[in-house]
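We did not get these values from a lab; they are worked out from the coordinates using the rules stated. Since the model is a prediction, treat every value here as computed from it, not as a measurement. FYI the Cβ positions are ideal-geometry reconstructions off the backbone, even for glycines, and counts take in every protein chain you see.
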Amino acid sequence: MEQTNNTFSQKTNPRDGDNTSIWQPGPVDLAEQDRQPPVEQVYDVLVVGGGITGITTALLLQQQNKKVVVAEAHLVGFGTTGGTSAHLNTFFDATYPEIESDFGENAAKLIADAGKEVMNWINGFVNKYQINCDLETKNAYLFSENEKESKQLDEILESSQKAGIAVEKTSKNGIEVPFKQSILFKDQGQFHPLKYLKGLANEFIKAGGVLLENSFITENSYEDGIHTAKSAAFTIKAKNLVFATHLPPGINLMDFTCAPYRSYVLGVTLADEKYPDCLAYDMQEPYHYFRTHVIDRKKYLLVGGEDHKTGHDEPEKAFETLENYVRKYYNISSVDFKWSSQYYIPADGLPYIGHLPSSDENIYMATGYNGNGMIFGTLSAMILCDLICGKNNRYSELLSPTRIKPVAGFGDFVKENSDVAYRFIADRFSAEKIKSFEELPIGTGTIVNFEGEKLAAYKDEAGKISALNPVCPHAGCVVNFNPTEKSWDCPCHGGRFDLDGHVLTGPPRADLQKVI
Ligand code: FES
């Protein structure tokens, strides 16, 4: 396979993987702020997580005159917001026919309204604060490639229109992939997610919010109406606690209602000028998504897909399959970027936003965005801000984490997620048959049996072996090596660790233990 030809040498915005996403290069500075430990005060809200959900929530609350502090384990945008393909849609991975059939017509209308409200809010925010984040309005095409998909497309068209979405039949799909039928969603969008996120963060800081980066919250407790959270350097007290971390830490209901997935994206240049001026999506499972982005006056075609459950399947194969797929339709001049990113599929298709079930008072969470993180992350912020401010929010009941689900899709989800329960047990007894570290190729990792112990062993480019205890501290599953992002990924709830065992992605709050 062709080597990735990264035109940028500096990763000025680090993220949770070894591959460089197209958004990382280039300085995207935050406003100056005194990054001192928080003074001994009780904040109104501590937001854990500095992605789109956390920073938008923090900004909205700060603008409501709440005293807000954000604690981000790494740097702002380190997680999925730095790895998204940043499509802005008013239609979602849970289609309107699915929402209508599982939750009812009103719910479909509500979700459509929510999508439109979020799009308006993002547009308004970018205009008001003059955020230079490449925000553009685009047409989006959803197209079928066979009769079965065409039938589904008809249903999507009808239900989307019924829900109040502007969508119509069209004779094109905006890209080079042949199709049977296509529908056009108007007024969709795209942006540069890190520029946008830094714009949000800057406004948050300017409004008086406190942003603490490199502040991994490792424990929290609750007493007399006050949450106390600790990182290595700080103790933070707050009346409300928001986990904007995908899955909240600890073992909770969300571990069994959300499944972690990885999606793969290529950023390529073309030998011709056939860059699409739109967003486009096929209907395969998993689906492919297309768009163009200009960085430093250079156009890139972004194509994503080949999603699979985190810690399962072969990431290298996913990139290879994706590249072969793109080459079928486009004349690629160079593959400049390839990266993968994590998202969570909710059991019944809709995100979970609100109070963390069975927890102490005033703990909030938002997760299960599927592939629609930019919209649902922003929607979460609106809902959580209202809940914390004691206001009604018309979407909160539908999306409550404790909702009674009409779970039409839950059987499939449980089947898909059944390996969680299996792995809790089986991982402790099976190991790959690699006899010794010598068999481990350079630059790779695997689980080995060594003197009766399971180890997560990695051999670096110099041939030096390092080994970690492979048992994930979250709930005891055994991690798998991700050779493309050079990380140890947990197949149960998507916890991820770097080569030294440090947490990249929650829910684990402790590192993998270093053995060698
Ligand atoms: Fe839950 Fe690893 S993330 S066991």
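Residues whose amide H falls under 5 Å from that of Tyr222, counting only those 5 or more places apart or on a different chain, are Thr228, with hydrogens built in the peptide plane. Counted by neighbouring Cβ atoms within 10 Å, the residues Arg291, Arg327 run from fewest to most as Arg327, Arg291. Applying 1/(1 + (r/R0)^6) with r as the Cβ-Cβ distance of Glu320 and His502 and R0 = 30 angstrom yields a FRET efficiency of 0.55.
Two tests apply to each whole DSSP H helix in the chain, Cα reach of 18 Å or more along its axis and mean Kyte-Doolittle hydropathy of at least -1.0, and the ones passing both are 105-128, 193-206, 373-388, 410-426.
In 5 Å bins starting at zero, report the fraction of Cα pairs in the stretch 30-133 per bin as a rounded %. Going from the shortest bin to the longest, the percentages are 2, 10, 14, 18, 18, 15, 11, 7, 3, 2, 0. By the Cα gyration tensor, the stretch 243-322 has an equivalent ellipsoid whose semi-axes, rounded to whole angstrom, run 31, 15, 12 from largest to smallest. Listed peptides 201-207, 295-301 appear in the order 201-207, 295-301 once ranked by packing, highest mean of other Cβ atoms within 10 Å at the front. Neighbour counts of C-beta atoms inside 10 Å place Tyr287, Tyr395, Tyr369 in the sequence Tyr287, Tyr395, Tyr369, starting with the fewest. Cysteine residues of the chain whose C-beta has no other cysteine C-beta under 4.7 angstrom: Cys133, Cys258, Cys278, Cys385, Cys389.
Among the GluC sites (Glu not before Pro) found in the stretch 230-328, those both in a DSSP coil and sparsely packed, with 11 or fewer other Cβ atoms within 10 Å of their Cβ, are Glu273. Packing-based ranking of 83-90, 235-242, 458-465, 279-286 yields 83-90, 235-242, 279-286, 458-465, ordered from highest to lowest mean Cβ neighbour count within 10 Å.
Counting 0.36 nm for each residue step from Thr12 to Lys180 and taking away their Cα separation leaves a gain of 56.2 nm.
Inverting the pair-averaged 1/r between distinct Cα atoms of the chain gives 23.5 Å as its Kirkwood hydrodynamic radius.
Taking 0.36 nm per residue of separation and subtracting the Cα-Cα distance, full extension of the segment from Glu439 to Ile226 would add 71.4 nm.
Per-residue extension of 0.36 nm, minus the Cα-Cα distance of Arg297 and Phe234, leaves a gain of 18.4 nm for this segment. Based on DSSP H segments of at least four residues, each scored -39500 (n - 2.57), the chain has a per-residue ellipticity at 222 nm of -8000 deg cm²/dmol.
Across the alpha-carbon set of the stretch 102-161, the Rg to Rh ratio works out to 1.12, Rh being the Kirkwood radius.
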